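Let me begin by presenting the structure, written as structure tokens, before commenting on it.
The values are calculated or read from the model by the stated rules, or taken from the named source; none is laboratory data. Predicted model only: the values in this text are computed from it and were never measured. Please note: Cβ atoms are built from the backbone with ideal geometry, for glycine as well, and neighbour counts cover all protein chains shown. Accessible surface areas use protein heavy atoms only, side chains included; no ligands, DNA or RNA. Shrake-Rupley method; radii C 1.70, N 1.55, O 1.52, S 1.80 Å.
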Protein chains: 4
Amino acid sequence: MTSDKKTAVLLIHCPDQQGILASVTQFLNENNGNIIYLDQNVDRAESIFFMRVEWELELFAIPKDKIADYFETLIARRYNIRFTIHFSDEKPRMALFVSKMSHCLFDILARHMAGEWIVDIPLIISNHNDLKPIAERFGIEFYYIPKNSSNKEEQEAKEVGLLTEMKIDFIVLGRYMQVLSDKFVSQFPNRIINIHHSFLPAFAGAKPYHAAHERGVKIIGATSHYVTADLDAGPIIAQDVVRISHVDSIESLVRKGRDLEKIVLSEAVYKHLQRKILVFNNRTIIFN
Amino acid sequence: MTSDKKTAVLLIHCPDQQGILASVTQFLNENNGNIIYLDQNVDRAESIFFMRVEWELELFAIPKDKIADYFETLIARRYNIRFTIHFSDEKPRMALFVSKMSHCLFDILARHMAGEWIVDIPLIISNHNDLKPIAERFGIEFYYIPKNSSNKEEQEAKEVGLLTEMKIDFIVLGRYMQVLSDKFVSQFPNRIINIHHSFLPAFAGAKPYHAAHERGVKIIGATSHYVTADLDAGPIIAQDVVRISHVDSIESLVRKGRDLEKIVLSEAVYKHLQRKILVFNNRTIIFN
Amino acid sequence: MTSDKKTAVLLIHCPDQQGILASVTQFLNENNGNIIYLDQNVDRAESIFFMRVEWELELFAIPKDKIADYFETLIARRYNIRFTIHFSDEKPRMALFVSKMSHCLFDILARHMAGEWIVDIPLIISNHNDLKPIAERFGIEFYYIPKNSSNKEEQEAKEVGLLTEMKIDFIVLGRYMQVLSDKFVSQFPNRIINIHHSFLPAFAGAKPYHAAHERGVKIIGATSHYVTADLDAGPIIAQDVVRISHVDSIESLVRKGRDLEKIVLSEAVYKHLQRKILVFNNRTIIFN
Amino acid sequence: MTSDKKTAVLLIHCPDQQGILASVTQFLNENNGNIIYLDQNVDRAESIFFMRVEWELELFAIPKDKIADYFETLIARRYNIRFTIHFSDEKPRMALFVSKMSHCLFDILARHMAGEWIVDIPLIISNHNDLKPIAERFGIEFYYIPKNSSNKEEQEAKEVGLLTEMKIDFIVLGRYMQVLSDKFVSQFPNRIINIHHSFLPAFAGAKPYHAAHERGVKIIGATSHYVTADLDAGPIIAQDVVRISHVDSIESLVRKGRDLEKIVLSEAVYKHLQRKILVFNNRTIIFN
């Protein structure tokens, strides 16, 4: 994680069979790939094998741009493996969608600026102008793209244009408060991270703090998840909770929730950047 | 809490008005009631005043059996107060309903036996015979009252008969797994405590661990609540959670959940015994 | 809490005696002070009474600048009460001391800017120049006051000069990493808030994450406390923890700890601003 | 974990080198050992490789009693591996040491009786007679072995005699409250599990709840660890915490702590029974 050497990360899943782990590690080993991290897991109920392996590229015999091809031919076919490969020297590019609340925005920009994350953030998109001064303060381009029921399709097209032009890899919704269309979402599968201000699946939908107060729960939460066509039902990446009591008004739930939201969202972004997430059957495997 | 002196506990709620707190404390003070505990709270949104006050009876000028009458006449009427009074020297009587799982049963009996709780447990009722040997081991009468769709009404009548005969104050459902009829429930308002094996309102209903696994949540929970006619929707008393991951099978959720369930249920019973719970609008106020 | 009306807050402690609560509430009541919040507690072991009461000033019969005098004369003397009074319309002024790490600084400035806190932050002091650009970005004056073993006394004198000139009410050490002299500390009793990056009293002193890793604990924490002459031993205001495992390197403890540190420090500052903290015998009473 | 098939568990550590993982998995694979679980981890700072692997014995080509020998010859020597092997069909035998408090005892016996754990508990040893009735109720032999400063050595000898005679594999101290001699401890390395009623290393030694109250912490904890010659300093297995406040008296800390203690101790015993713990440099690796 703190190694400065260039590494490759391989994320794998396939039907569980004897010998997969041995084959993969042998493949890396024989080609002088020094494994610096390996985490694997078998879902017994569904009989699926999952693995994340990271190795140093320095002495690796196979050139970077041929690894996928070789792995496909020599290993993946045999075991019916589906995989993705990522390289530590390719910095992901992230777009940030926000609305009026600043806590998630600040938390993300502060981490970015402090070098906590290896990521580029070339643009911020918002349907309100409120947070533009913050974007400017951090020297990030801010696009004001207001939406209403009649212009949603064209505004989303404008957004997709910008995202494409800027070569954006993934999107973070920092309390964006707008529902993205299925069409938009389908262009970024498992590449849009949202924060929902409740412990999903409890209190999906609007005004979860009001609903939590009404129900009289003793704990509230926040949930970060990949966005899918089905609102608030995408694969959960991270959750956290905080105790409350009858003393808490809705305002104090909102206050306590803000801290949860920003930390849980940033945790999800961090895992995504670390390539530690694999999605299967609308659930996430979060490697160690 | 650990005082051996006899005390009275007054639980109050009423529309919030100036002067209530001063009046109540003055009433106790003037009559030589030494207040050893006071917790009050105002729900600003609904403008309701809640209070729990406990005082020593030793030097209190008003005889125990006349306190309710005096308080009603001198204070409650003026402020439109609804109240209950409880006395520390009256040991509550609890019935325990169980099914086949023993973890909640053991946890409760162990606390009872160790003197953690001031309570009598004269009977255990079950729709299965499995836990009878444990009841016998602890010297508590065990009633086997099996239920099916056709005999539910008469079996519940038998249960109510036993509960009445044994002068039971409140009922604890220690993973009882049977739905009680509205008729039964209505006879014990805010006096039946259940443990639901999820973080309500998430995963109400049957098989919550399966549902939690299916949804891929990262945290599971347990919820103790008073039973109302609306299943799994009664006032929540206590909740707790534990982190899980993709590594956990349904079996390991069940295992981890058991520990939550027994602790959360016992916490609710303890609060109930301490007279620290006031129910209002299907929510609980849990005093400190 | 969210009322826009002007209020006064009274923080009290005294030897526990019968009648205090009735006397105080009656005093406010008789003078038309509408109590909007009251929390009290008795330390049975030491027989000390603690209370925080907040009331609206609008119709209160006693003028703001005479409340302390009247309360002293009419109530405090009788019960040997020690008290402080604060007014919601007097905005506290805070100084921020930082070093090289930006996470606490950003968290505090973001809250300030978003209006989460009612506070003025006229200056930031640091022994390094690293965070100056951030201060400038937020439009706050930044004073670079480097310290070494030979100039500490004079540099602290310079700091005290600035703090006095700027009418600073309290100081927040956002990972300042310098030990303040007893002389300095004694001028701001219970008015300097520090964040220590461990679950105190475990791992007091330098390099707590290294120590935690060495000891092999399964949970790490952060502790905010008022600074006293005795390093890392002042009254604890807030603590929080996060689970770790053998998988975590020191670097990942540092990463996880940062999130704890900023949240726990900000929680402490919030409580301080809300006047919800009373210090007694090197411990804090944190009112609800 | 829930497989009924017979399995072997191999726990390994060695200097980190390229190829270990491939070699071990290949060894199992070639001999028809179906791997059902594998977790490995490298301590980068110390360059040590750790692994736990579990595989089915049914079709495994090497007979059970020769596995250790073969593994030593074919693999372990090459990589300087230290290892232990355990078999799922060999039920561990546990001795329970208790004193006067029953909460840990009940929790353990309840789990044992409910079949949560695969373990035999042939005897309970105590320096007091208080819990004898509970042992009898569960049909377990109870040995009353009182100790004082003058008879400690001979009483411990008696205990060791019993433990040897009963073929005890490991010992659980369920709030035993006696310090075992170095001589005793050295006979059961990493095979005595203790529960300390604090969040170690905070409040090691006697009366931790008093110390926690005195220090004014906002969170208390419990710690299970293997016992070493150095009191309260052995490798930590599990820890958990609960929030407290100034409202909590020492008595309520004790009450809340009891629940932590029993759950944390039982968690440690469970991990031990699952062979999920490896001790290295006075720290534990707890496999998933």
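In the set B:Lys132, B:Lys100, only one residue is over 22 Å from B:Leu260 (Cβ atoms) and among the charged types (D, E, K, R); that residue is B:Lys132. Is it the case that A:Ile12 is part of a helix (DSSP H, G or I), not polar (S, T, N, Q) and not assigned by TED's automatic domain parsing to the domain that holds A:Leu265? Criteria not met by A:Ile12. Going by the conditions given, is D:Gly234 touching a residue at least 40 places away in the same chain (Cβ under 8 Å) and in a loop (DSSP other than H, G, I, E, B)? Yes.
It is to be established whether one or more residues within the stretch D:202-209 are within 21 Å of C:Ala212 (Cβ to Cβ) and among the basic types (Lys, Arg). Within the stretch D:202-209, none of the residues are within 21 Å of C:Ala212 (Cβ to Cβ) and among the basic types (Lys, Arg). Within the stretch B:250-263, is even one residue touching a residue at least 12 places away in the same chain (Cβ under 8 Å), more than 28 Å from D:His112 (Cβ to Cβ) and in the same structural domain as B:Leu109 (by TED's automatic domain parsing)? Within the stretch B:250-263 (the criterion being touching a residue at least 12 places away in the same chain (Cβ under 8 Å), more than 28 Å from D:His112 (Cβ to Cβ) and in the same structural domain as B:Leu109 (by TED's automatic domain parsing)), the answer is no, since none of the residues qualifies. Within the stretch B:33-43, the only residue that satisfies the criterion of being of a type in the set (D, E, K, R) and at the interface with chain C (Cβ under 10 Å from one of its Cβ atoms) is B:Asp39. Note on the stretch C:220-236: residues that are more than 10 Å from every other protein chain (Cβ to nearest Cβ), small (Gly, Ala, Ser) and over 23 Å from A:Glu116 (Cβ atoms) total 1. Taking (1) within 14 Å of chain A (Cβ to nearest Cβ); (2) surrounded by fewer than 14 Cβ atoms within 10 Å (Cβ to Cβ) in turn, B:Ala204 satisfies each apart from (2). Taking the stretch C:10-22 as the search range and keeping residues that are open to solvent by less than 20 Å² (accessible area, probe 1.4 Å) and at pLDDT below 95, which one is farthest from the other protein chains (Cβ to nearest Cβ)? So, considering only residues that are open to solvent by less than 20 Å² (accessible area, probe 1.4 Å) and at pLDDT below 95, the one farthest from the other protein chains (Cβ to nearest Cβ) is C:Ile20. One residue alone among D:Glu30, D:Glu46, D:Glu56 is more than 24 Å from A:Ile35 (Cβ to Cβ), out of contact with any Leu (no Cβ under 8 Å at 6 or more places or on another chain) and within 14 Å of another protein chain (Cβ to nearest Cβ), and that residue is D:Glu56. Scanning the stretch B:62-98 for residues that are free of Cβ contacts under 8 Å to residues at least 12 places away in the same chain and among the aromatic types (Phe, Trp, Tyr) yields a count of 1. Pairs meeting the criteria (first residue in the stretch C:18-41 and without any contact (Cβ under 8 Å) to a residue 60 or more places away in the chain, second residue hydrophobic (A, V, I, L, M, F, W, C) and part of a helix (DSSP H, G or I), beta carbons under 6 Å, at least 6 apart or on different chains) are C:Ser23/C:Ile75; C:Thr25/B:Leu21; C:Thr25/B:Ala22; C:Gln26/B:Ala22; C:Phe27/C:Ile75; C:Asn29/B:Ala22; C:Ile35/C:Leu28. Mind checking whether some residue in the stretch B:189-200 is assigned to a loop (DSSP other than H, G, I, E, B) and of a type in the set (S, T, N, Q)? Yes: the stretch B:189-200 contains one or more residues that are assigned to a loop (DSSP other than H, G, I, E, B) and of a type in the set (S, T, N, Q). All told, A:Gln239 falls short of being more than 12 Å from the chain's Cα centre (by Cα), in the same structural domain as A:Leu123 (by TED's automatic domain parsing), in contact (Cβ under 8 Å) with a residue 60 or more places away in the chain and on the phi < 0 side of the Ramachandran plot. Of all residues in the stretch B:17-44, those that are in a loop (DSSP other than H, G, I, E, B) and over 26 Å from the mean Cα position of the chain (by Cα) total 7.
For the stretch C:146-186, a residue qualifies if it is within 17 Å of C:Lys100 (Cβ to Cβ), of a type in the set (A, V, I, L, M, F, W, C) and in contact with a Phe, Trp or Tyr (Cβ under 9 Å, 6 or more places away or on another chain), and the qualifying residues are C:Val172, C:Leu173. Residues that are open to solvent by less than 30 Å² (accessible area, probe 1.4 Å), under 28 Å from D:Ile277 (Cα atoms) and not in a loop (DSSP other than H, G, I, E, B) within the stretch C:207-231 comprise C:Pro208, C:Tyr209, C:Ala212, C:Ile219, C:Ile220, C:Gly221, C:Ala222, listed in sequence order. Among the residues of the stretch C:230-269, those that are hydroxyl-bearing (Ser, Thr, Tyr) and touching a helix residue (DSSP H, G or I) at 6+ places or on another chain (Cβ under 8 Å) comprise C:Ser249, C:Ser266.
Looking at the stretch C:72-184, the helices (runs of 4 or more DSSP H) lying wholly inside it that each contain 1 or more residues that are open to solvent by 30 Å² or more (accessible area, probe 1.4 Å) and more than 14 Å from chain A (Cβ to nearest Cβ) sit at C:152-165.
May I ask you to list the residues in the stretch B:45-71 that are in a loop (DSSP other than H, G, I, E, B), more than 26 Å from B:Arg283 (Cα to Cα) and of a type outside the set (D, E, K, R)? Across the stretch B:45-71, the qualifying residues are B:Leu57, B:Leu59, B:Phe60, B:Ala61, B:Ile62, B:Pro63. When you look at C:Gly234, is it out of contact with any Gly (no Cβ under 8 Å at 6 or more places or on another chain), within 29 Å of D:Phe280 (Cβ to Cβ), open to solvent by less than 10 Å² (accessible area, probe 1.4 Å) and modelled with pLDDT of 95 or more, yes or no? Considered against the rule, which asks whether it is out of contact with any Gly (no Cβ under 8 Å at 6 or more places or on another chain), within 29 Å of D:Phe280 (Cβ to Cβ), open to solvent by less than 10 Å² (accessible area, probe 1.4 Å) and modelled with pLDDT of 95 or more, C:Gly234 comes out as no. Go through the residues of the stretch C:82-89 one by one and say whether even a single one is under 16 Å from the mean Cα position of the chain (by Cα) and at pLDDT below 95. No, the stretch C:82-89 contains no residue that is under 16 Å from the mean Cα position of the chain (by Cα) and at pLDDT below 95. Within the stretch A:188-200, being within 19 Å of A:Asn282 (Cβ to Cβ) and either buried (at least 20 other Cβ atoms within 10 Å of the Cβ) or touching a Ser or Thr at 6+ places or on another chain (Cβ under 9 Å) (or both) holds for A:Pro189, A:Asn190, A:Ile192, A:Ile193, A:Asn194, A:Ile195, A:His196, A:Ser198, A:Phe199, A:Leu200. Once the stretch C:237-266 is narrowed to residues that are assigned to a strand (DSSP E or B) and at the interface with chain D (Cβ under 7 Å from one of its Cβ atoms), the residue that is most open to solvent (accessible area, probe 1.4 Å) is C:Val241.
In the stretch C:45-61, what residues are surrounded by fewer than 22 Cβ atoms within 10 Å (Cβ to Cβ) and either free of Cβ contacts under 8 Å to residues at least 24 places away in the same chain or of a type in the set (Val, Ile, Thr) (or both)? Within the stretch C:45-61, C:Ala45, C:Ile48 meet the criteria.
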